[in-house]
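J.: I'd like to ask some things about the structure below.
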Amino acid sequence: MFDIFKSMLKEEWRMHSNLFGNNGFSLFPVFIFLFTFFVSLVLPIFREIFTYAQIALGMHYFFLLLGSMVGAFGLMGREFMNRRFGQASMIAYSSRTLPVSERLIFANFLVKDVVYYFALYVLPFVAGFALAAALIPAGNFHFPFTLLFLLLTLSLSFMIGLSLVFFLSTIYAHSGKLLTLGLLAGCVFLLSISGNLDSGIFYSLPSLSFFLLSSKSQFLLSSGLIIIPSALSLFFLKVDFPQAKKSFPNSFSRLCGKFGSYRYAAFVAKDFLDLKRSEGGFGKLIFSFLLPAALIWMLLSALGKVLPALNILILISLVLGVLSSSMYNWLTEYDIFTSYAFFPLKVSDMIRNKLNSYLFLNLVPFILLILLTLKKDPAFLLPTLLLFLSISLYMVSILIYLTGLSPSINLYNGRTFAVYTLSVMPLLLVNVILSMFGPYYVLVNLLLVPLALYLLGQSFRKWDRIESPRF
């Protein structure tokens with residue numbers, strides 16, 4: 001068993017280094033360490049605004065979501081690996097050739113994910129926090145025992161997210177429609193009850209409760225939320241995915257016709273069909289956008305009751321602007337420029353086409369923001385919408401300038417991710433502060449529009465120079 005586990009760790013590293021570059025990817029945990037360290041240095045300032053319990057809540061829910069992202073293997077993993085590596089054989093799919101059971105292989109796979117991403121994310125985060133706490137003592141956090149305890153509880157949060165989504169991936173393997181309908185119903189339910197929730201309910205996350213008030217029952221409950229979904233996933237494991245022969249009607253011509261004389265009709269139609277027919281289809285909107293947005297809206301609604309100075313609508317507008325940029329990743333994830341090499345197109349043409357598709361997909365968060373604002377306070381509709389449009393355009397322009405047509409790959413380069421974070425985080429912090437003075441102060445973000453357009457112009461020239469073929 002240990003040989004399989006060790007081989008899977010090597011395979012994971014080689015896969016990432018092949019995708020993202022060995023040196024660039026190895027800097028990723030270094031960046032997490034440095035970023036956490038510098039942010040933690042200003043912890044005494046945050047202490048004037050937030051309690052330690054609220055800071056701990058943010059940390060644990062962040063790692064819960066992080067574990068969920070890592071655990072989303074069943075939804076997109078098979079197609080991504082097949083398109084990026086062709087017919088390369090992965091250990092996880094070698095049960096027919098190895099003299100071991102499928103469950104043993106995937107048990108190793110689950111443990112490998114925990115260990116690998118613990119070293120990649122959790123350990124650098126806590127190490128940066130520990131170094132800052134040693135230099136600037138911050139209450140009980142600077143004691144070594146508390147830091148080790150934080151390492152344990154953040155790991156528990158990460159593993160809870162990982163195991164729960166691994167279980168959802170198992171459900172998806174048996175019935176994708178059932179999972180999609182369940183998640184959609186969950187999003188609607190979360191959004192509908194968000195206004196009636198007591199902020200204390202968020203502290204019931206077992207790993208967080210265990211950190212704030214250590215008790216054997218909370219540790220056992222955390223362990224149960226990890227072990228039970230993982231055991232069910234392994235028990236109902238489905239590795240053999242029989243692929244039925246698929247045929248599709250000529251939806252392309254019909255979809256192009258709906259766009260009329262729109263200049264990018266053919267490309268937008270192709271992007272929509274690719275998204276629909278890819279693994280997960282439009283379920284990505286629910287799994288990767290609506291569900292996180294619903295959870296964050298619940299958190300912000302509860303936070304607004306504790307800190308009424310924060311404008312929740314402005315904050316959700318910022319969050320939706322950030323989340324919407326992930327849609328550009330979907331549009332470029334399975335499509336590479338070499339597929340169009342025989343057409344009279346440049347890389348900049350492809351980027352423009354993806355931008356047009358991105359604008360259409362942005363209707364989803366745009367409509368969602370309208371509904372949330374009308375529900376909460378219609379008077380804030382104009383500033384929230386303008387803020388969302390400005391942030392969304394700026395975020396995607398930075399993403400395109402730094403990563404071109406390969407954001408899913410280039411963004412995991414440590415240097416690139418550092419530049420991306422430094423280009424975005426100060427802006428988000430400034431907007432959080434501005435929101436405390438009034439909703440119309442955030443309209444200063446309209447100044448980002450000409451900057452974003454300038455960056456897009458520079459991006460077209462940059463990626464034409466770097467990637468366009470020369471004859």
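The values are calculated or read from the model by the stated rules, or taken from the named source; none is laboratory data. Bear in mind that the values here come from a model prediction, so they are computed numbers and not experimental data. Note that each Cβ is placed from the backbone with ideal geometry, even for glycine, and that neighbours are counted across all protein chains shown. Side chains are part of the model used for accessible areas, which takes the heavy atoms of the whole protein and leaves out ligands, DNA and RNA. Shrake-Rupley method; radii C 1.70, N 1.55, O 1.52, S 1.80 Å.
Results for (1) modelled with pLDDT under 80; (2) open to solvent by less than 40 Å² (accessible area, probe 1.4 Å), shown as yes or no for each residue.
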position: Phe252; (1), (2): yes, no
position: Lys258; (1), (2): yes, no
position: Ala265; (1), (2): no, yes
position: Lys270; (1), (2): no, no
position: Asp274; (1), (2): yes, no
position: Arg277; (1), (2): yes, no
position: Gly280; (1), (2): yes, yes
position: Ile286; (1), (2): yes, yes
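J.: Output the number of the condition that Ile4 fails; it satisfies all remaining conditions of (1) farther than 22 Å from Leu152 by Cα; (2) modelled with pLDDT under 70; (3) not charged (D, E, K, R).
T.: (2)
J.: Kindly provide the set of residues from region 390-404 that are touching a residue at least 24 places away in the same chain (Cβ under 8 Å) and open to solvent by 10 Å² or more (accessible area, probe 1.4 Å), ordered by number. Lay out the reasoning, then the answer.
T.: Within region 390-404, the first condition is being touching a residue at least 24 places away in the same chain (Cβ under 8 Å), and the residues that meet it are 390-401, 404.
Listed by number, the residues that qualify are Leu393, Tyr394, Ile398, Tyr401.
J.: Counting only residues that are modelled with pLDDT under 85 and not in a loop (DSSP other than H, G, I, E, B), how many does region 328-346 have?
T.: Result for region 328-346: 9.
J.: Please determine whether any residue of region 420-438 is within 28 Å of Ser339 (Cβ to Cβ) and among the hydrophobic types (A, V, I, L, M, F, W, C).
T.: Checking region 420-438: not a single residue is within 28 Å of Ser339 (Cβ to Cβ) and among the hydrophobic types (A, V, I, L, M, F, W, C).
J.: If you don't mind, another one. Would region 410-429 turn up any residue that is open to solvent by 40 Å² or more (accessible area, probe 1.4 Å), in contact with a helix residue (DSSP H, G or I) (Cβ under 7 Å, 6 or more places away or on another chain), outside any helix (DSSP H, G or I) and at pLDDT below 85?
T.: In the first step, residues of region 410-429 are kept if they are open to solvent by 40 Å² or more (accessible area, probe 1.4 Å); the result is 410, 412, 415, 417, 419, 422, 425-426, 429.
Keeping just the survivors that are in contact with a helix residue (DSSP H, G or I) (Cβ under 7 Å, 6 or more places away or on another chain) gives 410, 412, 415, 417, 419.
From what is left, the residues that are outside any helix (DSSP H, G or I) are 412.
Next, from what is left, pick out any that are at pLDDT below 85: 412.
Yes, region 410-429 contains a residue that is open to solvent by 40 Å² or more (accessible area, probe 1.4 Å), in contact with a helix residue (DSSP H, G or I) (Cβ under 7 Å, 6 or more places away or on another chain), outside any helix (DSSP H, G or I) and at pLDDT below 85.
J.: When you go through Met69, Met81, Met76, Met15 one by one, which is the residue that is open to solvent by 60 Å² or more (accessible area, probe 1.4 Å) and modelled with pLDDT under 75? Outline the logic, then answer.
T.: Values: Met81 fails: open to solvent by 60 Å² or more (accessible area, probe 1.4 Å); Met76 fails: open to solvent by 60 Å² or more (accessible area, probe 1.4 Å); Met15 fails: open to solvent by 60 Å² or more (accessible area, probe 1.4 Å).
Going through Met69, Met81, Met76, Met15 in turn, the sole match is Met69.
J.: Ok, one more. Residue check, Pro365 against (1) assigned to a loop (DSSP other than H, G, I, E, B); (2) over 30 Å from Glu467 (Cα atoms), all met but one. Which one?
T.: The one condition Pro365 does not meet is (1).
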